[in-house]
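Have a look at the structure below before the remarks.
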Amino acid sequence: MEKSTLTFVYEGISYWIHHDTKTLSIIRDNSSEDAYSGDIVIPSSVPYNGETYTVTHLADFAFAEFMTLNSVTLPDSLTFIGSSVFLGCRGLKKINLPESLTFIGPGVFSFCESLTSITIPHGITSLSEEVLTGCKSLTSLSLPEGITSIDDKALSGCISLTELTLPESLRTIGLAAFEECTGLKNIVIPEGVHSIAYCAFRGCSSLETATIGSGVNSMEKFVFRNCPSLISINVSSANKSYSSLDGVLFSADKDRLIRYPIARKEKSYVIPDGVKSIEFSAFEACVNLKNVVIPDSVTTIGGMSFSCCSALETVKIGKGLKTIDYWAFKDCECLKDINLPEGLTFIWDSVFSHCKALETISIPESNTSIDDYFSH
């Protein structure tokens, strides 16, 4: 327990002093909108009342929203950077992160729109939530070995990021971690990664290929949603949970079709026999597809599975289908007719919403649902 604390200013920088440890935290100066501006060099130690104190921490929001801050030089004594320290420093172009750092908090560099490069120290084990969100000028990032997690939205909105190297030590990729990284063309998921969260690469509009390592055993929905340039998803043959066939993502035993890449050029696709479930959003927005053949083995067509397939004209459905989930064919504007097999027992609501060209549909007597198939 500290005996006492107080604040003071030295050479234009505000400090919080910790007497027991003889260390300092740099704190926010609210005296003016440009209290911290230009090029700032933070010393490793500062004298006060005849004592010398070591600078070890940057407190939460210490430099946040200081728009005229251009560069910051951090000392080798620094071990901790708190939450949102440089949040919204839109003029910040250059900062060094010393190897002494062991923690970088959430949102530290969020919306530092002029920051073009950054080197993460080897002592950091995770990229915290939103740590580099909205860094529009960041072009490349190579994460060091030792990083085990990339947390939620850590790099979302880094629209200029074209080069990304992930370490073999990486284990988890968080929610929307790379969402709207529109410059990324290729992504290689290392062998050690075991989970990829919801929307991890959603909106990566230039992404063409994704390679998934052997260790991934959990991928949540929408990992590759709204990736209009995606041609191929390739999975390591050693993966026990997922597989790929001709660039299409399946479960390991191929009984679930998970994601058909949006940018594949083929006009027709025959789903392999043995597939039992077409997963949620599996073919969503595949605008080149005109014809799909669904085998007798398929029992479930998941929600939104063919939604926004704007060129889709015909779907041949096998005899084994039991369920069609909601919005399955929503906005399939060219779909003209569809025959639903006997044995189909449930059709969720709005399955054929906005199918403007749909002229005929055959509803089997086996269907027991009463939902509105055509509602908006």
(message) I'd like to verify a number: residues in the range 279-336 that are closer than 15 Å to residue 258 by Cα and outside any loop (DSSP other than H, G, I, E, B), how many?
(response) 3
(request) Answer yes or no: is there a residue in the range 220-229 that is buried (at least 22 other Cβ atoms within 10 Å of the Cβ), modelled with pLDDT of 95 or more and more than 15 Å from the chain's Cα centre (by Cα). (result) no
(message) Can you find, within the range 16-44, the residue that is surrounded by the fewest Cβ atoms within 10 Å (Cβ to Cβ) among those that are polar (S, T, N, Q) and under 20 Å from residue 83 (Cα atoms)?
(response) 30
(message) Can you pull out every residue in the range 240-262 that is on the phi < 0 side of the Ramachandran plot and assigned to a loop (DSSP other than H, G, I, E, B)?
(response) 240, 241, 252, 253, 255, 260, 261, 262
(message) Which residue is nearest to the chain's Cα centre (by Cα), if the candidates are limited to the range 137-191 and must be part of a strand (DSSP E or B) and under 21 Å from residue 97 (Cα atoms)?
(response) 150
(request) Could you please find all residues in the range 66-86 being touching a Phe, Trp or Tyr at 6+ places or on another chain (Cβ under 9 Å), within 18 Å of residue 136 (Cα to Cα) and either of a type in the set (Phe, Trp, Tyr) or surrounded by fewer than 23 Cβ atoms within 10 Å (Cβ to Cβ) (or both)? (result) 66, 68, 84, 86
(request) For the range 220-267, enumerate the residues that are polar (S, T, N, Q) and more than 25 Å from residue 205 (Cβ to Cβ). (result) 236, 237, 239, 241, 243, 251
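Quick one: is residue 168 at pLDDT 95 or above, of a type in the set (Asp, Glu) and on the phi < 0 side of the Ramachandran plot?
Answer is yes for this residue.
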(request) Evaluate the following for residue 316: is it more than 19 Å from residue 267 (Cβ to Cβ) and touching a residue at least 12 places away in the same chain (Cβ under 8 Å)? (result) no
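The values are calculated or read from the model by the stated rules, or taken from the named source; none is laboratory data. Because the structure is a prediction, the values reported are computed rather than measured. We place every Cβ from the backbone using ideal geometry, glycine too, and count neighbours over all the protein chains shown.
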